[in-house]
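Reading through the C-alpha cells given below for one structure.
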Amino acid sequence: MVHPRPKSQRSPSIGEAPVDCLGYPMEKLLTAGQVAEILNVSTAWVYDHAERKRPQLPSVRLGKAVRFRPGDIENFIEEMSRFAPERKLNGACYDGPRISARH
C-alpha cells in the first residue's frame with residue numbers, strides 16, 4: 001500500500017503555490033534585474049549592495065547566480081524609509097537642505 005506524502009512534501013499542483021518543508025508558501029526569488037527595477041536603480045548597484053563584505057541587500061547565492069527574496073527587498077525598503085528623514089552626513093545628522101539667508 002502506498003501512503004500519500006504529507007502535504008508539505010507533495011509537489012504543487014498547477015496553479016498552486018509551492019510550499020517549503022514546513023508547509024508555508026514559498027516566495028519566487030527575484031533576479032538582480034527585477035530588484036533593480038523595483039528599486040529604480042541599476043543592476044550594478046544591486047550587485048554592489050548584495051556582494052559587499054557587509055551586504056545591505058540580503059541575497060541567496062545559487063552557484064554563480066544571485067537571487068533575492070521579495071520579503072527581504074520589502075524589508076530593505078522599509079528600513080531605508082525609517083532613516084529617510086534623517087540622513088547621516090560625515091557623522092552629523094542631516095535632515096535636508098538648508099536655505100541660506102544670503103541672497
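The values are calculated or read from the model by the stated rules, or taken from the named source; none is laboratory data. Source: prediction; values computed, not measured. Heads up, the Cβs are rebuilt from the backbone with ideal geometry, glycines too, and the neighbour counts pull from every protein chain shown.
List of remarks:
- When Ala84 is tested against (1) within 21 Å of Ile38 (Cα to Cα); (2) exposed (fewer than 10 other Cβ atoms within 10 Å of the Cβ); (3) at pLDDT 85 or above, exactly one condition is not met: (3).
- Members of the range 58-76 that are surrounded by fewer than 16 Cβ atoms within 10 Å (Cβ to Cβ), at negative phi and part of a loop (DSSP other than H, G, I, E, B): Pro58, Lys64
- Filter pass, Thr31 being within 13 Å of the chain's Cα centre (by Cα) and at pLDDT 75 or above: yes
The rows are residues; the columns are (1) without any contact (Cβ under 8 Å) to a residue 12 or more places away in the chain; (2) of a type in the set (Asp, Glu).
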| position | (1), (2) |
| --- | --- |
| Glu37 | yes, yes |
| Val41 | yes, no |
| Arg52 | yes, no |
| Gln56 | no, no |
| Val60 | no, no |
| Gly63 | yes, no |
| Arg67 | no, no |
| Gly71 | no, no |
| Phe76 | no, no |
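- Arg54 being at pLDDT 90 or above, over 17 Å from Leu39 (Cβ atoms) and more than 12 Å from the chain's Cα centre (by Cα): no
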